[in-house]
Structures are given as C-alpha cells and as structure tokens.
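For reference, the structure discussed in these notes is given below.
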Amino acid sequence: MDGYQGLTAVIESAWRELNGPDADRRDLCLDVVSDVLETGRLTQGDAERAVERLVMAALSDGSSPVRESALHAVCTASTHYELPYRVVEPLAVDADGFEPLLLGYVLSILGSTHDRAALPIVERFLQHPHPEVRREAAEAVHELCWSRESGREERE
C-alpha cells in the first residue's frame, strides 16, 4: 500500500467509526480525518468528498463536541484546499441553527470559499448579539470582499 492509499484507508476507517454510538469515539475519528486533511496530500476531489461528509456530520450529529470537531476539520481543510462554496453550502443554509461557538467556525469556512454567494449569509451575522460571532462575520466579509476586489484587479 503506497502512502496515498494509506491516507485514504485511514479516512475510510474513520468514516466507519463515525457511525458508532460512542460520541467520544466519533470525536476522535474526526480528529484523525482532520490530521489527514492537514497533510494537504489528498487530491482536490478526495478532499472535497471528505469535507462533504464532515459537513453532514456537523449538521446531523447530536453531540456538540463531535459537531465542533467536524467543523474544525473543515476549517483545517480550508487552509490546505480551495473549497468550493457548493461543498459547504449546507452549512450556510443551516447557519441559523448553530450555537455561537460553532457559528464562528461556519462563518470562517464560508469566508474561506472566496465566493460572493456566501456574502449575504455572512452579512446577516454582523449584527449578531454575541461579539465573537460579529467578529467572525466581519472577518469573513473582509475575506469575501477582499477576494472579490483582488479578482477585479486581476481582470483589469
């Protein structure tokens, strides 16, 4: 088994464990997936598929620590891969359902897409009652607007 097959085998093993009943075990499995994503060695397609599964875990798991680990892993992926908005869009759709701690992750992830489609969702949180959420929203808006301005300059 080569190095790449080893990485994908580790992720596949983690996905199997993610279906188990033990929240601590599921949390640990997501840490493993995050570690693999942090290597930056997956193909773009494999990374996107992993992020899609992480997004589903963040939206559906009943354990807040597991949801946080899933979102943390997506943030990790966003530093090593250019994640298209379509891959993380379910987070935007359900953004209002996240508690403030987890919402910070969601806003950071949406900002990292550099896709203006995320801007209206992120801007809604500039007036959020929690200062940390407002700060994350402002950073995400800056990221989305900066990337949009950079793209304009490159075309001119």
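Determine, yes or no, whether Val51 is assigned to a helix (DSSP H, G or I), β-branched (Val, Ile, Thr), farther than 21 Å from Leu102 by Cα and within 16 Å of the chain's Cα centre (by Cα). No: the conditions fail for Val51. Scanning region 22-48 for residues that are touching a residue at least 40 places away in the same chain (Cβ under 8 Å) and small (Gly, Ala, Ser) yields Ala23, Ser34, Gly40. Residues considered: Gly20, Gly40. Of these, the only one that is on the phi > 0 side of the Ramachandran plot and in a loop (DSSP other than H, G, I, E, B) is Gly40.
In this structure, Ser34 does not qualify as hydroxyl-bearing (Ser, Thr, Tyr), more than 20 Å from Glu89 (Cβ to Cβ) and open to solvent by 40 Å² or more (accessible area, probe 1.4 Å).
Return the residues of region 46-63 that are among the acidic types (Asp, Glu) and farther than 15 Å from Arg26 by Cβ; say none if nothing qualifies.
So in region 46-63, the residues among the acidic types (Asp, Glu) come out as 46, 48, 52, 61.
Passing the criteria: Asp46, Glu48, Glu52.
The values are calculated or read from the model by the stated rules, or taken from the named source; none is laboratory data. In this text, all values refer to a predicted model and were calculated from it rather than measured experimentally. Reconstructed Cβ throughout: ideal geometry from the backbone, glycine too, with neighbour counts over all protein chains shown. Surface areas here come from the heavy atoms of the whole protein model, side chains and all, with no ligands, DNA or RNA. Shrake-Rupley method; radii C 1.70, N 1.55, O 1.52, S 1.80 Å.
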